[in-house]
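Engineer: First the structure, which I've put down as structure tokens, then a few questions once you've had a look.
What follows is calculated from the coordinates using simple rules that are stated; it is not laboratory data. Values in this document were obtained by computation on a predicted structure and should not be read as measured data. Every residue, glycine as well, gets a Cβ built from its backbone with ideal geometry; the counts of neighbours run over all protein chains shown.
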Amino acid sequence: MSLRFGPTTLAIPGPSIVPERVLRAMHRASPNIYEGELVDMMDGLTADLKRVARTAHEVAIYIGNGHAAWEAALSNVFSPGDKALVLVTGRFALGWADMAKAMGVDVELMDFGTAAPVDPQQVEDRLRADTAGELKAVLTVHTDTASSVRNDIPAIRAAMDQAGHSGLLMVDCIASLACEPFEMDAWGVDVMVAGCQKGLMTPAGVSFTFHGPKAAEAAKTAECRTSYWNWDPRTDPDLFYQRFAGTAPTHHLYGLREALTMLLEEEGLEACWARHQHFAETLWAATDHWAEGQALACNIRDRAHRSIAVTTLRIEGCAASEVRAWCEAAAGLTLGIGLGLDAAGTPPSDGIFRIGHMGHLSAHNFLGTIATVDAALKALEVPHGEGAVAAATMEIARRAAA
Ligand SMILES: *Cc1c(COP(=O)(O)O)cnc(C)c1O
């Protein structure tokens, strides 16, 4: 029989669980959009977004999802015919690259496969060869949500500096912001994009570009720039509506305000990063046991290169969709689907699922997720080693303190 008729849990890599408090903050009548609370809230909101990104520079807010922030960033930086180097470690940099191509950018892909991070040495070598400085920017993803690899952004910056290259470093932090340590200014990132529905715990609907002075300079001559995506009025508006090129996303702003208060004032950003590290390592203690059955494995072997916001698991001998279906229908747990990691030219396989561990997650909630996956493996008779749940509870016992 189904045992799902209680609180259900979403363990997918975005959207993440929305806290009740965020939902309640959004549940209100539309506010005055000319003056008062909403307008007065904006300076604090943008200051807090910059605290999360660890930048002293600019943030623009867009009414849209992560794809909107991708287009916004591209539009403000490029002119048709400009060249960009895109570093691919899964699925998401390819999506950003496709969008750039459609805008007339001349895209060069450097592919590191679907189970490894960017190799900074190869980036350095390629940039050294660009003696004419034709590459305007390097685009990369911090955490690739499909492969669950985390790229070493400071090492990519160092590779650019070693090569003496003056291109912009543009980073997609849609999956990683407010989950994984990220330091925009200290790491020399020129443009960063993020959304609100992952680490920031708010229903999908607003996204962000952050940019520093070098990107602001590039924007002055960017011919892909349109008035809607232009980040200047959004960062420095004369009138409130210019922040959003129209009506503000009123309710999302209230939700986001509540989420930022929870994140920055109550938990603390560094504590939040540490919590994500603890949960990721708790899950990996369990996956080490599951893997003993030879049917299940983390896509990224080396822990040092794994995201702490999402884990991609490969499964053999049982369809990943069956595991997901069991968790959902029998136990009220939604897991993430596998995403685009099949080699080009091969038929889509059903051998991947993902566990999102981003955002509003407590130890009891996450132990429930791990134990439920363990139950699914048993119910579906997927070969797996015993002791995964005990290992996870031991990790929590060791890591959590009252
Ligand atoms: C989720 C995600 C996106 C896409 O965001 P949408 O809101 O679905 O448009 C892009 N990049 C990364 C790394 C993501 O995790």
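Engineer: Can you give the alpha-carbon Rg of the stretch 355-402 over 2.2 N^0.38 Å, where N counts its residues?
Structural biologist: 1.24
Engineer: Rank Thr55, Thr226, Thr143 by mean-square fluctuation in a GNM of the chain with C-alpha springs under 10 angstrom and give only the top-ranked residue.
Structural biologist: Between Thr55, Thr226, Thr143, it is Thr226 that shows the largest mean-square fluctuation.
Engineer: I've got another one for you. How large is log10 I(q)/I(0) at q = 0.16 Å⁻¹ when the Debye formula is applied to the Cα atoms of the stretch 108-254, each weighted equally and without solvent?
Structural biologist: -0.98
Engineer: If we count every other residue with Cβ under 15 angstrom of Gly66's Cβ, Lys/Arg +1 and Asp/Glu -1, where does the sum land?
Structural biologist: Its environment carries a net charge of -2.
Engineer: I need the calculated FRET efficiency for the pair Asn32 and Phe5, taking r as the beta carbon distance and R₀ as 60 Å, to the nearest 0.05.
Structural biologist: Values: r = 42 Å, r/R0 = 0.70.
Once rounded, the FRET efficiency stands at 0.90.
Engineer: Beyond 36 Å, what share of the Cα-Cα pairs of the chain is found? Please give it as a whole percent.
Structural biologist: In whole percent, the long-distance tail amounts to 26.
Engineer: Here is a further query. Roughly how many debye, to the nearest 20, is the charge dipole of the stretch 46-92 about its Cα centre, given +1 on each Lys and Arg Cβ, -1 on each Asp and Glu Cβ, and no other charges?
Structural biologist: It works out to roughly 200 debye.
Engineer: Here is a follow-up. So between Ala401 and Asp236, what do we pick up on full extension, going 0.36 nm a residue minus the alpha carbon distance?
Structural biologist: On the way: separation 165, 0.36 × 165 = 59.40 nm, distance 4.41 nm.
In short, 55.0 nm is gained.
Engineer: Which residue fluctuates most in the GNM of the chain (Cα springs below 10 Å): Gly345, Gly164, Gly64?
Structural biologist: Sorting by GNM fluctuation, first place goes to Gly345.
Engineer: Quick one: check the C-alpha center-to-center distance for the stretch 10-58 versus the stretch 288-320, whole angstrom.
Structural biologist: Each part reduced to its Cα centre gives a spacing of 34 Å.
Engineer: Here's a follow-up. Size of the dipole of the chain about the Cα centre, Lys and Arg at +1 and Asp and Glu at -1 on the beta carbon, nothing else charged, in debye to 20?
Structural biologist: Here the chain has a charge dipole of around 560 debye.
Engineer: If the only charges are +1 at each Lys and Arg Cβ and -1 at each Asp and Glu Cβ, what is the size of the charge dipole of the stretch 95-201 around the Cα centre, to the nearest 20 debye?
Structural biologist: Charge dipole, the stretch 95-201, about its Cα centre: 200 debye, nearest 20.
Engineer: Follow-up. Please find, in a Gaussian network model of the chain (springs between Cα atoms separated by less than 10 Å), the residue of Val149, Val105, Val191 whose mean-square fluctuation is greatest.
Structural biologist: For the chain, modelled as a Gaussian network with Cα springs under 10 Å, the answer is Val105.
Engineer: State whether the stretch 174-242 is rounded, prolate or oblate according to the following rule on the C-alpha gyration tensor (a ≥ b ≥ c being the square roots of its eigenvalues): a/c under 1.5 gives rounded; otherwise a/b larger than b/c gives prolate, and the remaining case gives oblate.
Structural biologist: In terms of gyration-tensor shape, oblate.
Engineer: Mind ordering 317-324, 124-131 by average Cβ neighbours within 10 Å, highest first?
Structural biologist: Numbers: 317-324: 17.8, 124-131: 15.1.
So the order, starting with the most tightly packed, is 317-324, 124-131.
Engineer: Once Lys and Arg get +1 and Asp and Glu get -1 on their Cβ, which of Ala116, Leu3, Gly133 lies farthest toward the positive end of the dipole of the stretch 1-140?
Structural biologist: The residue sitting most towards the positive pole is Leu3.
Engineer: Going down the table (Lys136/Lys220; Lys198/Lys220; Lys198/Lys378; Lys50/Lys214), which pairs top 24 Å between alpha carbons? Can you show the working numbers first?
Structural biologist: Values: Lys136/Lys220 14 Å; Lys198/Lys220 31 Å; Lys198/Lys378 30 Å; Lys50/Lys214 17 Å.
Where the Cα-Cα span goes over 24 Å, the pairs concerned are Lys198/Lys220; Lys198/Lys378.
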